[in-house]
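Each reported figure results from applying straightforward, stated rules to the coordinates on display, with no laboratory input. Keep in mind the model is a prediction, meaning the values are calculated, not measured. Cβ placement follows ideal geometry from the backbone for every residue including glycine, while neighbour counts extend to all protein chains displayed.
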Amino acid sequence: MVDSHGRQPLLAANALSKSFGGIRAVDNASLEVLPGSITGLIGPNGAGKTTLFNLLCRFVQPDSGQIIFDGVSIQHLQPHDIAQQGMVRTFQVARVLSKLSVMENMLLAAQHQAGERFWNVWLRSSTVRQQEREQREQASAILESVGLAHMAQDYAGALSGGQRKLLEIARALMVRPKLVLLDEPAAGVNPTLINQICDHILRWNQEGLTFLIIEHNMDVVMSLCDRVWVLAEGRNLASGTPTEIQQNAQVLEAYLGQ
């Protein structure tokens, strides 16, 4: 679908379904994310939001449906192939390598590293060293932007929950993505860090990065998102602007309990 400005969706999921045993976790759900947008995905617990994320990134194979990213069908690709095409995700509980430093966590995410090929270490050592310098500079700049530069050599396991989420988002940026899927970036984070995370998301969005966000904190959703999609029992319930969603009687009943 083309929007009023003639833009094709960066991500379009059509009629996705997934069952686990007799439970229909995602039921004929569709979703679109326009380039340059911050799109929200909300719904009550058990609505299928994280399962839908897993389908989009191919952590789980859909039973049916189609996923188009940047004009290409991706539902049969592997997760690492999707990441290399420019769609990456974070998790509700931040996943960091606790016994590696913050900087090492960042460098692991860098793509197409020449030093991964054995013969390059010997035959193209100058190229490998130059790339490593550039990747460290990129990682340092990103860590500086999220306020973690001073902890670059600390173990990632020493970070607070909020700092781990910042590191996970920062690590995703090392892939130079087109679209970042954030699974509850504000969950378990103190209010000060929530504000910082929101500020970073807005700044990166202004720089051209597109986001799809699952979030239970409605203040975060309503302050960040251009458009919001609502799931209930695995199915589409509503979509619209934050104001439209706030005024939708079905959403108030299913999601807010009003």
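So the values come out like this:
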| quantity | calculated |
| --- | --- |
| Estimated inter-spin distance, Asn14 and Glu244, nm [label 7 Å along Cα→Cβ] | 2.1 |
| Mean projected area (nm²) of the alpha-carbon convex hull when the chain is viewed from all directions | 15.4 |
| Rounded FRET efficiency, nearest 0.05, which uses the C-beta distance separating Gln84 from Arg24 and R0 of 41 Å | 0.85 |
| Computed [θ] at 222 nm, deg cm²/dmol, the chain (DSSP H ≥ 4; -39,500 (n - 2.57); rounded to nearest 500) | -11000 deg cm²/dmol |
| Under 20 Å from Lys99, Cα to Cα: aspartates and glutamates that are on another chain or at least 8 residues apart | Asp154, Glu168 |
| Taking only Cα atoms of the range 203-251, radius of gyration then Dmax in Å | 11.7, 35 |
| Within straight-line cross-link reach of Lys165, aspartates and glutamates at Cα separation under 12 Å, skipping those fewer than 8 residues along the same chain | Asp183, Glu184 |
| Those lysines that a straight Cα-Cα span of less than 16 Å connects to Lys18, excepting residues fewer than 8 apart in one chain | Lys49 |
| Mean Kyte hydropathy of -0.5 or more with a Cα span along the axis of at least 15 Å, helices from DSSP in the chain | 161-173, 191-206 |
| Three-way shape label, the range 1-96, alpha-carbon gyration tensor, a/c 1.5 | rounded |
